[in-house]
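The values are calculated or read from the model by the stated rules, or taken from the named source; none is laboratory data. Everything numeric here is computed off the predicted structure, so don't read it as measured data. Every residue, glycine as well, gets a Cβ built from its backbone with ideal geometry; the counts of neighbours run over all protein chains shown.
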Amino acid sequence: MKKQFLFLALISLTFYFTSCETETLDKEIENIEKNEDQIQEKGYGHYYRKNYFLVANRGASTVSIFNAKTTTFIQDITLPDPGAQPTYLAYSRWNNSFYVGDFANSKVLYYDADTFDYQGEITIEQGAFHMWINDYAGQLWVNNIVSKTTSVIDLSTNTLIQNLPLPTNEIPELTANAVQHDVTISPSGYAAYVTILDGNNTSYVVMYNTQTLQYIRHEVVGGDAHILPVGTKLYVPTQNANEISVLNRFNLNPQTTIPFQATHGITRKGKYVFTTGITENKLGVINRFTNQVVSETTTEFNIPHNVEVNRRGNVLFVSFSGSTSTKVAFYKIKRNGTLIKLSDYDSGLNPFGVLEY
């Protein structure tokens, strides 16, 4: 009942949430989000369910599935279209489905999360890349880096709501090089955040209202930015700036920066944030409360790209990307934040996006 009350309260607020919202409304939304963060930490993951790691093998047209508790391989699924390029994945608990973006065929496919059976597909625009699902919002957001659009999908019908173009009217300084890249949604679903890359040194974090799909505001960060909500903050790894920008999630105001060489992929669990140093063959663990790097680990393989953590918070899953790469690896997460390698596996050519559910 508490979750339902918070969600209904949030919906009532969104009717009034515009780009010129008052500080009072910002504070009300912040309080709702903080409560939702507590709910998420206490049990949103449904601990009684089985736990899986998935990796999209972009060069093999497959998705590999592993047991996230034991790290054992379960099976591969092959995408149905010839030449399919699975890039990123997302999971809907309410639909009990996982979604796979096919870069080459302008679509998102979805599968049963228990049986791994194919269920259907959704046509989007070209170049499916980073994606994010939020069940409270009832939406899946997918960035299409060839078409330079963001597809917003209704999870209740698995149909396209709208393709959002680059916000050139709101950000007139965007150049011809600008393209949407990473995306996330706030825990209770009121806002989506898209990173736009524009050259080697500049990225934008753009905030949207998920109900109206309207631009709210933006902030400038360093080059090649990715993004993750962490409590009341946004952690924004900027690979080319060699730092993680930490922003206020409600108004995008900068709070601090965390130095880390070539920071790229990012995930979190409990008090730790995990990132990859993609060109440095590094894994970093950050204490989210102090914003201090508590450990760095050198990887055995090149191009540590994306990371996920299992439900219990004791295993880190890493994909190592590249045109000839096949490796994924598992690391034990110790309580002090240090990592110890457990094993590795040949999952398929060019392991790319990863998922945990």
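For every residue, the table says whether it meets (1) in contact with a helix residue (DSSP H, G or I) (Cβ under 7 Å, 6 or more places away or on another chain); (2) under 18 Å from Thr338 (Cα atoms).
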position: Thr263; (1), (2): yes, yes
position: Val273; (1), (2): no, yes
position: Gly284; (1), (2): no, yes
position: Thr298; (1), (2): no, yes
position: Glu308; (1), (2): no, yes
position: Phe317; (1), (2): no, yes
position: Thr326; (1), (2): no, no
- Message: Can you list the strands (runs of 3 or more DSSP E) lying wholly within region 74-174 that have 3 or more residues being surrounded by fewer than 19 Cβ atoms within 10 Å (Cβ to Cβ)?
- Response: 118-123, 159-165
- Just wondering, is there one or more residues in region 226-240 that are on the phi > 0 side of the Ramachandran plot, at pLDDT 95 or above and in contact with a strand residue (DSSP E or B) (Cβ under 8 Å, 6 or more places away or on another chain)? no
- Item | Whichever residue in region 307-321 is surrounded by 18 or more Cβ atoms within 10 Å (Cβ to Cβ) and of a type in the set (Gly, Ala, Ser) and, among such residues, is farthest from the chain's Cα centre (by Cα) | Ser321
- Task: Go through the residues of region 254-265 one by one and say whether even a single one is closer than 22 Å to Thr71 by Cα and under 19 Å from the mean Cα position of the chain (by Cα).
- Result: yes
- Query: Is it the case that Thr123 is β-branched (Val, Ile, Thr) and either touching a Lys or Arg at 6+ places or on another chain (Cβ under 7 Å) or at pLDDT below 95 (or both)?
  - Reply: yes
- Message: Conditions first: (1) closer than 28 Å to Ala191 by Cα; (2) touching a residue at least 24 places away in the same chain (Cβ under 8 Å); (3) among the polar types (S, T, N, Q); (4) surrounded by fewer than 16 Cβ atoms within 10 Å (Cβ to Cβ). Asn336 passes all but one, so which condition is the exception?
- Response: (1)
- Message: Against the definition (part of a strand (DSSP E or B), touching an Asp or Glu at 6+ places or on another chain (Cβ under 7 Å) and under 16 Å from Ile266 (Cα atoms)), how does Thr184 come out, yes or no?
- Response: no
- In region 284-306, how many residues are over 14 Å from Ile244 (Cα atoms) and either of a type in the set (Gly, Ala, Ser) or buried (at least 23 other Cβ atoms within 10 Å of the Cβ) (or both)? 3
- Query: Got a sec? Which of Thr257, Thr279 is without any contact (Cβ under 8 Å) to a residue 24 or more places away in the chain and either surrounded by fewer than 18 Cβ atoms within 10 Å (Cβ to Cβ) or within 19 Å of Ser343 (Cα to Cα) (or both)?
  - Reply: Thr257
